[in-house]
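Structure first, commentary second.
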Amino acid sequence: MAAPVTEPLVDAKDEARQAEVRTDIASALLKIHEDRMFFVKWMVGVGIGIVTLLLAAAGLVIAVLT
């Protein structure tokens, strides 16, 4: 016969489930943050590349006109 389930055992299982859910949520939030940071870094790199190309084009135009 199975032993009766005690209230502390049920509470411990509930706390374990809640901790697992909190861990899953924290992992998901960290993943979102990492994805956002990757996107921001990528966009900054693209912006720097565009500015560099514009400066190079302006320098070329100035060199040709002088």
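The values are calculated or read from the model by the stated rules, or taken from the named source; none is laboratory data. These numbers come from a predicted model, not from an experiment. Methodologically, a virtual Cβ is constructed for each residue, glycine included, from the backbone with ideal geometry; neighbour enumeration extends over all protein chains shown. Surface accessibility is based on the protein's heavy atoms, side chains included, excluding ligands, DNA and RNA. Shrake-Rupley method; radii C 1.70, N 1.55, O 1.52, S 1.80 Å.
Tabulated values for the structure
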| item | result |
| --- | --- |
| Some residue of region 21-31 being of a type in the set (Val, Ile, Thr), open to solvent by 90 Å² or more (accessible area, probe 1.4 Å) and in a helix (DSSP H, G or I) | yes |
| Flag if Val10 is surrounded by 10 or more Cβ atoms within 10 Å (Cβ to Cβ) and at pLDDT below 95 | yes |
